[in-house]
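Structure, as structure tokens:
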Amino acid sequence: MPITAPALTAEQSAAALRHALELHAHKEGNLLPILHSIQDQLRYIPASLIPALSEAINRSRAEIHGVISFYTHFRTQPPAPVLLELCRAESCQARGANELIAQVKQTLGCDFNQKSAKGDVSLEPVYCLGLCSQGPAAMINGEPVAHLTPALLEQHLKDQGVQP
């Protein structure tokens with residue numbers, strides 16, 4: 001049975017927006033930090049928050065949508081309970097990331113920017129985690145892991161409750 005994340009409530013979304021605004025509304029160039037703060041709290045940026053954010057920072061909805069859609073880091077849909085971000089930078093590629101990525105895609109039954117066949121893992125690319133000498137590297141639910149082999153990655157996923 002796939003792991004499921006609890007549904008996000010309107011109160012949780014509103015609280016995340018309030019918190020992000022408290023931290024960043026007074027700053028110049030605040031849109032990116034606000035979006036990062038919301039996503040850090042909720043794991044994605046719900047479309048329902050855009051009108052209130054637009055009003056709070058006096059930016060058009062179109063501008064906010066444009067920023068969200070431009071940066072691949074931002075998600076507008078909730079990820080699976082386990083978020084697996086695999087590094088695709090040249091250093092990790094030189095250390096075997098491409099082979100690892102191919103195996104992960106086959107094992108999970110999905111491509112980048114998709115959920116696994118079981119719906120328990122979201123697979124996303126990243127383009128440098130700063131672990132260049134320790135590649136291949138990944139982030140699993142925000143925690144860095146390095147020196148990955150297929151077996152080691154499988155163990156990390158099992159530790160998160162994912163069964164291949």
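Observations on the model:
- Residue satisfying all of: in the stretch 49-62; without any contact (Cβ under 8 Å) to a residue 24 or more places away in the chain and part of a helix (DSSP H, G or I); farthest from Ala15 (Cα to Cα) among these: Ala62
- Filtering Leu35, Leu21, Leu53, Leu31 for residues that are among the aliphatic types (A, V, I, L, M), touching an Asp or Glu at 6+ places or on another chain (Cβ under 9 Å) and outside the structural domain of Ser116 (by TED's automatic domain parsing) leaves a single hit, Leu31.
- Residues in the stretch 117-155 that are surrounded by fewer than 18 Cβ atoms within 10 Å (Cβ to Cβ) and either free of Cβ contacts under 8 Å to residues at least 24 places away in the same chain or assigned by TED's automatic domain parsing to the domain that holds Arg43 (or both): Ala117, Gly130, Gln134, Glu143, Pro144, Ala146, His147, Ala151, Leu152, Gln155.
- Per the listing Gln106, Gln114, Gln163, the residue uniquely touching a helix residue (DSSP H, G or I) at 6+ places or on another chain (Cβ under 9 Å) and surrounded by fewer than 15 Cβ atoms within 10 Å (Cβ to Cβ) is Gln163.
- Apart from one condition, Gln77 fits all of (1) in a loop (DSSP other than H, G, I, E, B); (2) surrounded by 18 or more Cβ atoms within 10 Å (Cβ to Cβ); the exception is (2).
- Just one of (1) surrounded by fewer than 18 Cβ atoms within 10 Å (Cβ to Cβ); (2) part of a loop (DSSP other than H, G, I, E, B); (3) not assigned by TED's automatic domain parsing to the domain that holds Ala138 fails for Gly66. It is (2).
The values are calculated or read from the model by the stated rules, or taken from the named source; none is laboratory data. Since this is a predicted model, take the numbers as computed values, not measurements. FYI the Cβ positions are ideal-geometry reconstructions off the backbone, even for glycines, and counts take in every protein chain you see.
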